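What follows is calculated from the coordinates using simple rules that are stated; it is not laboratory data. None of these values were measured; they are calculated from a predicted model. Here Cβ is always computed from backbone atoms with ideal geometry, including for glycine, and neighbour counts include all displayed protein chains.
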Amino acid sequence: MNICDVLPTKYSHGHTMDRVPGANHVCCLCPAGKFIEKPCTERIKNDTVCSPCKFMKGDIDQQFFIQHGPHNKSFCLKSKAKCKQAEYRIEGNRTADAQCKERTKCKPGFGVTQPTSTSSDTVCGKCKEGYEAPTFSATEMCTNNQIATTIESALSASTSTVLSTTTLQTTSTHANSRELFSGVEIAVITVFCVLIVVVPVLILKKGGRD
């Protein structure tokens, strides 16, 4: 079925007919969603053969379209295959290309109840009492604020324990060093005192022998 069969009265003669691939004469054109499979004969302008674009639902590699008509295209366009990571894909059809839309971010107080898939948007739900979702997010679910507080307190306590242990170890090291240093000082003083007493005695003994 071509455009002359579908809309014989809505368009002027010049709009419904044009030169088509494979023919040197004008033919009736094809509507959106169909391509020219076979042009008309020179004598019969309205026997153009229009066939539907291939479109298999769920198979993005087998989805083709022609968005506007009347047209003289002998092929369909490849539908948009993939979207960016932050987008999801809305499937098109024979007369419309697929669309990529940015996934919805749940507002504060609402968490993700169903994550975005390649073909569906994020679903948000209001957090129930005792749960929270403090930021805009397309991935965060509502979390139990009591659990979050407990975890935060535990982390804080662990950090304090580590810092206290480090301080004690440092203080102990300094104390040990001080004790060691004091012991050395005492030994040096003792040796010095012994020398003061012993050396003069040795000198006197030596002088007496001479």
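Is there a quick way to get the dipole size of the stretch 3-102? I mean about its Cα centre, with the Cβ of Lys and Arg at +1 and of Asp and Glu at -1; what is the value in debye to the nearest 20?
So the magnitude is around 100 debye.
Taking 8 Å as the Cα distance limit and 6 or more residues as the minimum spacing, I'd like the relative contact order of the stretch 98-143 as a percentage.
43 percent
Across the stretch 91-96, in residue order, what do the Karplus-derived ³J(HN,Hα) couplings come to in whole Hz, using 6.51 cos²θ - 1.76 cosθ + 1.60 with θ = phi - 60° and x for Gly and Pro?
Each residue's phi maps through the Karplus curve to give 5, x, 7, 5, 10, 8 Hz.
Based on the alpha-carbon set only, what is the convex hull volume of the stretch 3-102 divided per residue, in Å³?
For the stretch 3-102, the hull spanned by Cα atoms encloses 100 Å³ per residue.
In whole percent, what relative contact order does the stretch 3-102 give with Cα contacts below 8 Å and a gap of six or more residues? Before the final figure, lay out each step's value.
Working: 222 pairs, mean separation 22.8, N = 100.
Taking the mean separation of contacting Cα pairs over the length of the stretch 3-102, I get 23 percent.
Amide H of C27: which non-local residues (sequence gap of 5 or more, or other chain) have their own amide H closer than 5 Å, using H built in the peptide plane?
D18, R19, V20
Read phi for every residue in the stretch 108-113 and hand back ³J(HN,Hα) as whole Hz from Karplus 6.51 cos²θ - 1.76 cosθ + 1.60, θ = phi - 60°, with x for Gly and Pro.
x, x, 10, x, 6, 9
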